[in-house]
1. Please report, to one decimal in angstroms, the Kirkwood hydrodynamic radius of segment 7-140 built from all distinct Cα-Cα pairs.
2. Please work out how much length the chain gains when fully extended from Gln69 to Arg163, using 0.36 nm per residue of separation minus the C-alpha to C-alpha distance, in nm with one decimal.
3. For the chain, what is the charge dipole size about the Cα centre, in debye to the nearest 20, if Lys and Arg each add +1 at the Cβ and Asp and Glu each add -1 at the Cβ?
4. For Glu115, Glu72, give the ranking by accessible area with the largest first, probe 1.4 Å.
5. Can you return the lysines within cross-link range of Lys129? Criterion is Cα-Cα under 27 Å, with same-chain partners fewer than 8 residues away left out.
6. Relative to the first principal axis of the alpha-carbon coordinates of the chain, what is the inclination of helix 60-72, with its axis defined by its Cα atoms, in degrees from 0 to 90 and to the nearest 10?
7. From largest accessible area down, sort Trp61, Trp17; use a 1.4 Å probe on the protein chains.
8. Leaving out ligands, DNA and RNA, and with a 1.4 Å probe, what % of the accessible surface on the chain is carbon or sulfur?
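The values are calculated or read from the model by the stated rules, or taken from the named source; none is laboratory data. These numbers were taken from a predicted model, which means no experiment stands behind them. For neighbour counting, all protein chains shown are included, and Cβ atoms are generated from backbone atoms with ideal geometry for every residue, glycine included. Areas reflect the complete protein model, heavy atoms only, side chains present, ligands, DNA and RNA absent. Shrake-Rupley method; radii C 1.70, N 1.55, O 1.52, S 1.80 Å.
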Amino acid sequence: MTATLPVKISFSLPDGWQAAPPDEVGVPGVAFVALHPASIDHFTANITIAGRMRNDSATMWQIAAESVQRLEQAGRVEVVEKTELGTPDIPGLTDSPGVAQNLRFRTTLKGQPLELLQSQVYLGMEDVKNPAKRAVLEFVLTARPSQLAAVIDDFKEFLRTVRPAEEHSS
């Protein structure tokens, strides 16, 4: 089932990317999926957006580690790199630093082994009415190693366009 984000955001997809219904492309539980058809190599590189409200004290580092634990349920996951993001990396979305991590893991697709790379970015946005609550947004690029060079700059470009959606009064 397609999820909804806890906050409204706006963004622009780079040229060559197409939105797709999450349930129809086998990525249930996320709010948005974009595919890069030109990168098809037994797997289509994709960007997903997911998010949820949290009312715990978990840091962005801990939330990123939770993602690794979820992926490890299917097999070994290598954390290639993990860094803190400041607001210049993603201006306009949040004043709080986020966390980015790059992962390598193996899975199967149609019964065949498949090595994938993920670049994950986690950002938190405090609820101004209730500071104990916050929205945590997850932006993920998934690609085969052979596709990464062709799509990583697009992912960075995409992240720079993410903004809180402007509220329109009626």
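1. Numbers: mean 1/r = 0.0619 Å⁻¹.
That comes to 16.2 Å for segment 7-140.
2. 31.0 nm
3. Once rounded to the nearest 20, the dipole reads 360 debye.
4. On the way: Glu115 50, Glu72 90 Å².
Per-residue accessible area, sorted high to low, gives Glu72, Glu115.
5. Answer for Lys129, where 27 Å is the Cα cut-off: Lys8, listed by chain and number.
6. The two axes meet at around 30 degrees.
7. Largest to smallest exposure gives the sequence Trp61, Trp17.
8. Of all accessible area on the chain, carbon and sulfur atoms account for 50 percent.
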